[in-house]
Amino acid sequence: MPRKQQPISDAIQAKLEDARVARLATLSEFGPHILPICFAYDGKVFYTAVDRKPKRVVPERLARLRHIRAVPQVALLIDEYREDWGRLWYVLVLGKAKLIPKSAREERAEAIRRLRAKYPQYAAGMLADDAPIIRITPERIISWGKI
């Protein structure tokens, strides 16, 4: 049974809101699969989308979507590296991912609104209204460093 996520501190919340990129880890038949993503955090869940950047396959066949359908357990790493190691930090989110169905119009619209508000590229047309949207529900959040 999944654990109820404990509230996170304001400092971690601020890092999650300000961070520009995260790394999403899914499980493939060959092991971990990790890629950088854009994301939005609403204080409870994370959203990411399949945007209009060039892809090798049609969006519905992307590895991350296939992996999530097969094994919804994911990890999301948000971090900052500096040469001054006293300023390093990371937030590791362990949770479950789900592709938001087209029928969930309100949730999809809110996720797209948040993503477009955070990323000017998305607001300028790189994120379609019908883009595949992934919701990541944290089950555990671990943080370390200068937060």
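The values are calculated or read from the model by the stated rules, or taken from the named source; none is laboratory data. Since we're looking at a predicted model, the values are computed, not measured. Cβ sites come from the backbone with ideal geometry, for glycine too, and all protein chains shown count toward neighbours.
Observations
- Test result for residue 111, under 14 Å from the mean Cα position of the chain (by Cα) and within 17 Å of residue 78 (Cβ to Cβ): no
- When residues of the range 108-147 are limited to those that are in contact with a strand residue (DSSP E or B) (Cβ under 7 Å, 6 or more places away or on another chain) and of a type in the set (Gly, Ala, Ser), the one surrounded by the fewest Cβ atoms within 10 Å (Cβ to Cβ): 145
- Within the range 93-135, tally of residues that are of a type in the set (D, E, K, R), closer than 25 Å to residue 70 by Cβ and touching a residue at least 60 places away in the same chain (Cβ under 8 Å): 2
- Whenever a residue of the range 48-76 is farther than 16 Å from residue 33 by Cβ, it has no partner that is loosely packed, with under 11 Cβ neighbours inside 10 Å and modelled with pLDDT of 95 or more lying with C-beta atoms less than 8 angstrom away and at least six residues away or across chains.
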